[in-house]
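Only one structure is covered here, and it is reproduced in the block below.
Any read-out appearing in this document is the output of simple, stated calculations on the displayed coordinates, not a laboratory observation. Please read these numbers as outputs of a predicted model, since none were measured by experiment. Ideal geometry is used to build each Cβ from the backbone, glycine not excepted, and the neighbour counts take in all protein chains shown.
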Amino acid sequence: MVAALATVASGVSAQAASPTPPVRVTTENARFTNYLHDLAGPGAFIGIVGGGVVDQVWNKDLTDPLAQRILSRAGKAAVQVSVRHGLAALMHYSTDYQPCHCSGFGPKVEHALLETFTDRRADGTRALTVPRLAGAYASGFGSLAWDHNHKPSDVVVGTTLSFGFTALFNITRELTGLAR
């Protein structure tokens, strides 16, 4: 353990002498701002607390208190958002929802589905949303560490269904104009 600490300490001192300026995390940094918004913004709060309340009402096993359900959802959300935004940064993908500037039912639905399952790369092209998929499944499987009432098959089914709900939400926001 002492050797590991000495190695880390020598790496830190070597990094401190580096002529490369440090990366500054500021609120002007859009990626960081988006991460904080997805982690602790109003939508995240409503999703975590509201989901915990709905789960408490619908669940037949009332042995888990509401606070425990909300904390479990908060833990899952933290994992999901962190994995998604971290991987998106590494892959140079955008995590922003890009509203459609089109008109008509068909084009709006098509765009909402596209936004659900793809992300924009730095060059503007689209790719399968690997960061979103990884974040969703990481949070589900990670929660198995503290949520012993679920099995891995429950995680797969629930996470896959969540993409359907996300698609419906995106369709609704496009058709109602809330996406802008």
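Using only side-chain charges placed at the Cβ, +1 for Lys and Arg and -1 for Asp and Glu, the dipole size of the range 28-176 relative to its Cα centre rounds to 80 debye.
With a Förster radius of 22 Å applied to the C-beta separation of Ala40 and Leu90, the computed FRET efficiency comes to 0.50. Within the range 78-113, whose backbone N sits under 18 Å from a point 7 Å along Cα→Cβ of Leu175? Output list for this probe position: 99-113. Neighbour counts of other Cβ atoms within 10 Å put Asp147, Asp119 in the fewest-to-most order Asp147, Asp119.
Listed from fewest to most Cβ neighbours within 10 Å, the set Arg31, Arg73 follows the order Arg31, Arg73. Direction-averaged projected area, Cα convex hull, the range 52-145: 8.1 nm², rounded to one decimal.
Going by a ≥ b ≥ c, the root eigenvalues of the Cα gyration tensor, does the range 112-180 fall in the rounded group (a/c under 1.5), the prolate group (a/b larger than b/c) or the oblate group? Oblate shape, in that a/c is at least 1.5 and b/c is the bigger or equal ratio. Close amide H contacts of Thr129 (hydrogens built in the peptide plane, cut-off under 5 Å, sequence separation of 5 or more or a different chain): Thr118, Asp119. Neighbour counts of C-beta atoms inside 10 Å place Ser82, Ser72 in the sequence Ser82, Ser72, starting with the fewest.
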